[in-house]
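First the structure, in the form of structure tokens, and then the observations on it.
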Amino acid sequence: MKMNMIDFFEALFQYEFLQKALFTSVMVGVICGIVGCFIILRGMSLMGDAISHAVLPGVAISYMLGISFFFGAVITGVLTAIGIGYVSQNSRIKHDMAIGIMFTSMFAVGIVIITFMKSSADLYHILFGNVLAVRMSDMWITVGIGVLVIGLVTLFYKELLVSTFDPTMAESYGLPNKWIHYALMVVLTMVTVASLQTVGIVLVVAMLITPAATAYLLTNRLSVMIYFAALFGIIASVFGLYFSFIYNLASGATIVLVSAFMFAMAFFFSPSQGLVWKALKARRNRAELMR
Amino acid sequence: MEHALEIERLFVSYLGNQVVKDITFSVKKGSLVGIIGPNGAGKSTLMKATLNLISKDKGDIKIFGEPLKKWKKNIAYVPQRSDIDWDFPITVIDVVLLGTYPKLGLFKRPTKSDREWAQECLKTVGMENFSGRQIGELSGGQQQRVFLARALAQKAELFFLDEPFVGIDVASEETIINILRDLKKEGKTILVVHHDLSKAESYFDHLLLLNQHMIHYGASEEVLQPEVITKAYANQFSFLQPKGVNVTS
């Protein structure tokens, strides 16, 4: 382990690709953590899953046309969000059903398009990420998205808080809930694009939900939750990348596993919510009564 | 005396069914009005449509003679308890602080004096010692008092409360109704969706009795006459008819 650590740091100083990989993963960890807080508190975890998968056709088409992933992904992501809303509002189809139908269809379209490209290596990288192949341009897109996300959340923190906690009050004093929702969907597609290279489409949702959910178990304040989620995102990225490099594993999978491990720790040992403390307390109370 | 709220020929549909039909009434500034009626009478729907939270089919709503838009920030709304996620990571004081948001405007954060004002509002509802608690840790009555404090923090002219007395303890109910009476004395206008007929007369000076259509609107003692009430609740007593009891006459 100690030897590996030294190897990792040596490699980090030596290889530029590893520096880029680490920087991008950390950035992705931060923005996924921040956006994830709002996603889980608005009860949109499933929506996050849907949107992240639904960018696939957009990414594939952008790839074919040789333009940045960014545009195609945002367009298909937002179209899917609108489609889900349209189907569930205009029929007896419930929201979760609409999500299931729309995102799998979009995902399937994406796979068909990629099959035409006749390159399964590309498909593999888009689906599962390939952090060690991060290019300079990808890194800058990630930085841009990161700055945008942090800027938006800082500027509109107040509005995001009200419309998430009490949408009825927000609406009653004139906040445009619907636009906030769609703005969040756009941000979600951007975050997905930023995460393509580090964790890949399939596992983006883990980076959105797991660090935020871990933070949710540890605090009673949204502002603190956001910082915690970003921190857990960073830890997952750094250690995930480390394990990926040392044991030659897929980076997306190792990053997600590290954040899942942190969640498990919080689930059992969180001072206020942890199962272990709750069980111990219940046991003590019972013992007290037995006497 | 000027009218705080005027509603004319309001029709509202909810999930495709028309549940509020042809409602016309006006509320004078400084009155405390209860909206009563059986389940499914459209009480909450009427309140939400008045605030434009759900769209109306037809009708005209005026606040102090002007369109609702102009007054939005001066209306405080207390939602039904069931509409709130009580696990949300937010403390009591931060909930009350939300009341200051409407008048802060974009990009501005609450200042120290806003915080002090929020704390003062908490004191008014007797919850000042709970400011650091997560809202889910409170009892139903305490939660309702915190939401009333939030409404107070908004320094509004009109107050809309949707079923504030459901599932709360007697002491909290007492506190809340006393605060509403004080607001009335300050010249504020308050509308409350309510379903407990027994206390309606002592709580409100005017009552709007509703069963999709408007049954009656007037002074409380006038509305709470048996022959008026049975008009709204008649179909709930229909099981008595085979036994020869006729309540609609």
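Laboratory data are not the source of any read-out in this text; all were calculated from the coordinates shown. Nothing here was measured: the structure is a model prediction, and the numbers come from that model. All Cβ positions, even for glycine, are placed from backbone atoms using ideal geometry, and neighbour counts span all protein chains on display.
Packing, taken as the mean count of other beta carbons within 10 Å per residue, orders the peptides A:32-39, A:185-192, A:268-275 from highest to lowest as A:32-39, A:185-192, A:268-275. Rg over Rh for chain B works out to 0.99, using Cα positions for both radii and the Kirkwood form for Rh. Based on alpha carbons, the Rg and Dmax found for region B:12-63 are 11.3, 35 Å. Helices that extend 15 Å or more along their long axis by alpha-carbon positions and average at least -0.5 on the Kyte-Doolittle scale are, among the DSSP H runs of chain B, B:140-153, B:170-185. Look at the stretch A:159-171: the mean tally of other chain Cβ atoms within 10 Å of its residues' Cβ atoms is 6. Computed over region B:93-133, the P(r) curve from all C-alpha pair distances, binned at 5 Å from the origin, holds 6, 25, 33, 20, 10, 5, 0 percent per bin.
List B:166, A:28, B:33 from most exposed to least, where exposure is judged by having the fewest other Cβ atoms within 10 Å.
Going from sparsest to densest Cβ surroundings: B:166, B:33, A:28.
Specify whether the C-alpha gyration tensor of chain A places it in the rounded, prolate or oblate class, a ≥ b ≥ c being the square roots of the eigenvalues: rounded for a/c under 1.5, otherwise prolate if a/b is larger than b/c and oblate if not. It comes out oblate by the Cα gyration axes.
Calculated mean residue ellipticity, 222 nm, the protein assembly as shown: -19500 deg cm²/dmol, from DSSP H runs (n ≥ 4) at -39500 (n - 2.57) each, averaged per residue and rounded to 500.
Rounded to two decimals, the Cα-based Rg/Rh of region B:130-180, with Kirkwood Rh, is 0.95.
Classify the protein assembly as shown: rounded, prolate or oblate, from the alpha-carbon gyration tensor (a ≥ b ≥ c, eigenvalue square roots; a/c under 1.5 rounded; otherwise prolate if a/b is larger than b/c)? Prolate is the answer for the protein assembly as shown, as a/c is 1.5 or above and a/b outweighs b/c. The relative contact order of chain B, computed from alpha carbon pairs under 8 Å that lie at least 6 residues apart in sequence, is 26 percent. If I take every Cα pair under 8 Å that is 6 or more residues apart in chain A, average their sequence separation and divide by the length, what percent do I get for the relative contact order? Normalised by residue count, the contact order of chain A is 28 percent. Divide, for region A:204-291, the radius of gyration over alpha carbons by 2.2 N^0.38 Å, where N is the residue count. Dividing the Cα radius of gyration by 2.2 N^0.38 Å gives 1.36. For the peptides A:48-60, A:127-139, residues were scored by their other Cβ atoms within 10 Å and the scores averaged per peptide; the highest-first order is A:48-60, A:127-139.
Annotation for residue A:247 and residue B:119: the two label points, set 7 Å from Cα along the Cα-Cβ direction, are 5.1 nm apart.
For a test of the definition: using alpha carbon positions, the gyration tensor, and the 1.5 limit on a/c, classify region B:39-175 as rounded, prolate or oblate. It comes out oblate by the Cα gyration axes. Measuring between their Cα centroids, region B:110-140 and region B:177-215 lie 26 Å from each other. Among the listed pairs B:73/B:123; A:94/B:155; B:43/B:155; B:29/B:123, those with a Cα-Cα distance over 28 Å are A:94/B:155. Converting phi to 3J(HN,Hα) with the Karplus coefficients 6.51, -1.76 and 1.60 and the offset θ = phi - 60°, region A:212-220 yields 5, 5, 4, 4, 4, 6, 10, 8, 10 Hz in sequence order, with x at every glycine or proline. Shielding of peptide A:216-228 by partners, expressed as the average count of other chain Cβ atoms within 10 Å per residue Cβ, is 3. Per-residue mean of foreign Cβ neighbours for B:83-90 is 6 (Cβ atoms of other chains, 10 Å radius).
From the Kirkwood radius over Cα pairs of region A:40-117, Stokes-Einstein at 25 °C and 0.890 mPa s returns a whole-number translational diffusion coefficient of 193 µm²/s.
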